1. Per-residue HN-Hα couplings for region 209-219, Karplus 6.51 cos²θ - 1.76 cosθ + 1.60 at θ = phi - 60°, whole Hz, x for Gly and Pro?
2. Quick one: compute the contact order of the chain, relative version, from alpha carbon pairs under 8 angstrom and 6+ residues apart, as a percent.
3. In region 49-151, what GluC sites (Glu not before Pro) fall in a loop by DSSP, with at most 12 other Cβ atoms inside 10 Å?
4. If neighbour count is taken as other Cβ atoms inside 10 Å, put K97, K70 in order from fewest to most.
5. Arrange the following residues from fewest to most other Cβ atoms within 10 Å of their Cβ: F109, F21.
6. Note down the net charge around L95, summing +1 for each Lys or Arg and -1 for each Asp or Glu among other residues with Cβ under 11 Å from its Cβ.
7. Can you give the FRET efficiency for Q168 and W222, using 1/(1 + (r/R0)^6), R0 = 25 Å, r = Cβ-Cβ distance, to the nearest 0.05?
8. Charges only on Cβ, +1 for Lys and Arg, -1 for Asp and Glu: so what's the dipole of region 3-219 about the Cα centre, in debye to the nearest 20?
Amino acid sequence: MKTVVITGTSRGIGRALVTKFLAEGYKVIGTATSGKTDITDPKFEVVKLDLSNPKSITEAVKTINNKTDKIDILINSSGINLEDWDVTNMDVLILRKTIEVNLIGLIDFTERLISKITKGGQIINISSRMGSLTKDFTDNPADNPSYRISKTALNMYTKTLAARLKKQDITVSSVHPGWVKTYLGGEDAPRQPEEAAEQIFKLATTPHTTGKFWYDNEEFPW
């Protein structure tokens with residue numbers, strides 16, 4: 001049985017991913033800041049993880065290592081956005097908090113698990129088109145600056161990690177999940193978490209070029 005580790009599984013895309021992978025016969029290890037979810041399945045276990053807390057990352061990795069001797073797929077789904085949608089001014093305190101979770105904590109967690117990832121395995125980082133450097137702000141406000149910066153930096157981690165792990169036959173990808181109806185995307189978003197999960201599952205289980213940015217299994221511009 002293949003094993004997938006998914007962060008941020010208490011709600012939204014992360015939770016939908018758990019449901020999808022369980023339905024497809026995977027063993028799933030999920031994480032949640034509270035250490036709890038409402039999912040009950042014999043093939044699912046949840047681990048407490050706060051990506052803003054180095055001690056929590058250490059403990060979570062230790063727990064995961066005790067639960068499995070291999071990881072076939074790692075999906076970094078957890079993330080935060082502390083800015084309102086109309087915010088364009090930079091708040092350095094918010095930037096620090098956002099990068100701590102969306103980038104530094106994610107990298108710390110990932111790096112500690114790389115040795116567990118099998119040959120032919122995959123690492124998928126849930127990014128956003130809001131982190132794309134090709135975004136034109138001529139007619140659009142540059143809102144959510146901290147969130148955008150964190151996702152742009154995450155995309156560079158995807159590219160550098162992909163180069164490092166290419167010889168180990170581990171594929172590393174960034175994914176734009178679309179505008180999804182979650183606590184981050186809001187109620188006006190047109191896409192359900194289950195739809196995004198279907199697309200991410202397909203990418204995670206299909207051979208593709210490493211070090212790329214994807215949306216609905218089509219290459220997306222950085």
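1. Couplings: 5, 6, x, 10, 10, 10, 9, 6, 6, 10, 5 Hz.
2. It comes to 20 percent, rounded to a whole number.
3. Qualifying residues, ordered by number: none.
4. Values: K97 16, K70 10.
Ranked by crowding around the Cβ, least crowded first: K70, K97.
5. F109, F21
6. Summing Lys/Arg as +1 and Asp/Glu as -1 gives 0.
7. Numbers: r = 23 Å, r/R0 = 0.93.
Once the sixth-power term is evaluated, E becomes 0.60.
8. Numbers: 28 positive and 27 negative charges, 209 e Å.
With Lys and Arg at +1 and Asp and Glu at -1, about 1000 debye.
Only the coordinates and a few stated rules stand behind these numbers; no lab work does. All of these numbers come straight from a predicted model, not from anything done at the bench. All Cβ positions, even for glycine, are placed from backbone atoms using ideal geometry, and neighbour counts span all protein chains on display.
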